[in-house]
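A.B. asks: I have a structure here, written as structure tokens, and I will follow up with some questions on it.
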Amino acid sequence: MAAASMPSPLIGIAIHTLNATDNTDCRWSLLLAKGSFDAPDVQTYSVTRDRSAWRSDHRVAPLSHSPTLRGVLQVRLSPELPLRFNELKDFIQQFPASAEGYNTRSRGWGGTMYTHRILDSLFEAGCIELPCPIEDLMSRVDLRVTYLRRSSGVVPVLPL
């Protein structure tokens, strides 16, 4: 009897509004899921500031538990370098909570730049494909967020 195949991993950018009533100012977090962003065990990676230090904020929960989540932008995995879920998880978890020399392009540090840093490294390693140069990623996400804002009801998932 053949072994059951594991669902394909998915990587996405979760777009959160800073409060539940304002759709203009967003922050990102990185998502890693097994087969679907509707799964009950989606891995969410971000950072938070605790007094004077940045701390990792890694969670496992369904996305429906976040009242500020406006949608997900799915990042295309590279077919040339297929990685399993646990390999992607290990790669993502290697990044420290602080910027530690990462060029934030004068944007400061927080969850959005933490996510950007990981996507930058995944792209450089050949794990993901991006629809634009990495230096244009912020603008690309801003453009795609306008489409998320037009959606209502369930959490929409759009390609990056």
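The values are calculated or read from the model by the stated rules, or taken from the named source; none is laboratory data. Everything quoted here is computed from the prediction, not taken from an experiment. Cβ sites come from the backbone with ideal geometry, for glycine too, and all protein chains shown count toward neighbours. Ligands, DNA and RNA are stripped out before the accessible areas are found, and what is left, the full protein with its side chains, is counted by its heavy atoms. Shrake-Rupley method; radii C 1.70, N 1.55, O 1.52, S 1.80 Å.
A.B. asks: Any chance you could run the full-extension gain for residue 34 through residue 130? It's 0.36 nm times the residue separation minus the Cα-Cα distance, nm to one decimal.
C.D. replies: 32.5 nm
A.B. asks: Follow-up question, since we're still on this one. Could you state, as a whole-number percent, how many of the C-alpha pairs of the chain are farther apart than 29 Å? Before the final figure, lay out the partial values.
C.D. replies: On the way: 1783 of 12720 pairs.
Of the Cα pairs, 14 percent sit more than 29 Å apart.
A.B. asks: Here's another thing I want to ask about it. For residue 107 and residue 158, what is the calculated FRET efficiency with R₀ set at 22 Å and r taken between the beta-carbons, to the nearest 0.05?
C.D. replies: 0.45
A.B. asks: For the range 88-96, just list the computed ³J(HN,Hα) in residue order, Karplus coefficients 6.51, -1.76 and 1.60, θ = phi - 60°, integers in Hz, with x standing in for Gly and Pro.
C.D. replies: 5, 4, 4, 4, 5, 6, 6, 7, x
A.B. asks: Filter the GluC sites (Glu not before Pro) in the range 78-128 to those in DSSP coil with at most 15 other Cβ atoms within 10 Å of their Cβ, and list the result.
C.D. replies: Passing sites in the range 78-128 are 80, 100.
A.B. asks: Same structure again: Suppose all protein chains stay in the model; what accessible area per residue would a 1.4 Å probe give for the chain, in Å²?
C.D. replies: Numbers: 8880 Å² over 160 residues.
Solvent-accessible surface per residue comes out at 55 Å².
A.B. asks: Here's something else I'd like to know. Considering only protein heavy atoms and a 1.4 Å probe, what is the carbon-and-sulfur percentage of the accessible area of the range 30-160? Could the numbers behind the result be given before it?
C.D. replies: Working: 3390 of 7120 Å².
Carbon and sulfur: 48 percent of the exposed surface of the range 30-160.
A.B. asks: Kindly provide the helix-only [θ] at 222 nm of the chain, computed as the sum of -39,500 (n - 2.57) over DSSP H runs of four or more divided by all residues, to the nearest 500 deg cm²/dmol?
C.D. replies: Counting only the DSSP helices, I get -7000 deg cm²/dmol.
A.B. asks: Once both labels are modelled 7 Å past Cα along the beta-carbon direction, what's the residue 86-residue 53 spacing in nm?
C.D. replies: Spacing of the two 7 Å Cα→Cβ label points: 3.0 nm.
A.B. asks: Now for a different question. Would you please give the FRET efficiency between residue 99 and residue 60, computed as 1/(1 + (r/R0)^6) with r the Cβ-Cβ distance and R0 = 25 Å, to the nearest 0.05?
C.D. replies: That pair, residue 99 with residue 60, gives E of 0.50.
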